[in-house]
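The values are calculated or read from the model by the stated rules, or taken from the named source; none is laboratory data. Small disclaimer: the values here were computed from a predicted structure and weren't measured. Here the Cβ positions follow ideal geometry from the backbone for every residue, glycine too, while neighbour counts run over all protein chains shown.
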Amino acid sequence: MEPEARIKLFGMSHSLVERDLDKIEERLHIDLERDQMEDREDEYYPQFAFALRTEAHDMGKHYELFYCLEKSIRKLISETLESVHGENWWHTCVPEPVLTNVKNNMQKELESGVTLRSDDELDYATFGELGEIVRSNWESFDAIFSNQKAFNRIMTSLNILRGPIAHCSPLAEDEIVRLQLSVKDWFRLMG
């Protein structure tokens, strides 16, 4: 057998063994501590119950998906409005209630003494406010999104699904499917 084929076979065997061990851990409700991440606080992480760590692991993929989606939406808004309205778009395109809320959020963070999350005001807008910014500037986005009603429906659905993800509650199976469909809808809307 060629060395390359042996390496592939080894990799495939390793994947199958890992999958079988995952099933054993789940069925027996045990943790073989195979997936200890290097950046976890080893002093504290093992003190949490196995079921809680499993739930956190399962929710991690949904958080990652939403994180990527939300960051890409923020970037799309910023790049689109800057290209259409110039560098001063924040002050000319953002609705007054959003400006006020963002200013308050930035002030609260500044007064708390923690490291600021960003220098970009858009990072202080809530997910719901992102939709308000787009709706207030629809003419700048109508070439990107195929339909404003569909945009509103999808943003509302995503905002509802964001709640459990952002507030450390597990997603029900139906909501996992709904999240996947909503993300597909989002990309179809941009199609």
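Only a single item in (1) outside the structural domain of F151 (by TED's automatic domain parsing); (2) in contact (Cβ under 8 Å) with a residue 12 or more places away in the chain is not met by Y45, and it is number (2). Taking region 96-113 as the range and being among the small types (G, A, S) and either at negative phi or in a helix (DSSP H, G or I) (or both) as the test, only S112 passes.
Is it true that some residue in region 120-130 is over 30 Å from E173 (Cα atoms), assigned by TED's automatic domain parsing to the domain that holds G163, under 22 Å from the mean Cα position of the chain (by Cα) and part of a loop (DSSP other than H, G, I, E, B)? The answer is yes; a qualifying residue exists.
Here is a list: D31, D58, D22. Which entry is assigned by TED's automatic domain parsing to the domain that holds L171 and at pLDDT 75 or above?
Matching residue, one of D31, D58, D22: D58.
Taken over region 71-95, the criterion of being within 24 Å of R162 (Cα to Cα) and in a helix (DSSP H, G or I) is satisfied by K71, S72, I73, R74, K75, L76, I77, S78, E79, T80. For L158, state whether it is under 17 Å from L81 (Cα atoms) and either out of contact with any strand residue (DSSP E or B) (no Cβ under 9 Å at 6 or more places or on another chain) or among the aliphatic types (A, V, I, L, M) (or both). No. For region 142-157, filtering for residues that are among the aliphatic types (A, V, I, L, M) and either closer than 18 Å to R178 by Cα or in contact with an Asp or Glu (Cβ under 6 Å, 6 or more places away or on another chain) (or both) leaves 3. Got a number for residues in region 48-70 being assigned to a helix (DSSP H, G or I) and under 21 Å from E26 (Cβ atoms)? Within region 48-70, residues that are assigned to a helix (DSSP H, G or I) and under 21 Å from E26 (Cβ atoms) number 15. Figure legend. Inter-residue proximity from region 135-146: first residues within 19 Å of D185 (Cβ to Cβ) and surrounded by 12 or more Cβ atoms within 10 Å (Cβ to Cβ), second residues at pLDDT below 95 and not aliphatic (A, V, I, L, M), beta-carbon distance below 6 Å, spacing 6+ or different chains. No pairs are indicated. Among the residues of region 120-144, those that are under 16 Å from E70 (Cα atoms) and aromatic (F, W, Y) comprise Y124, F127.
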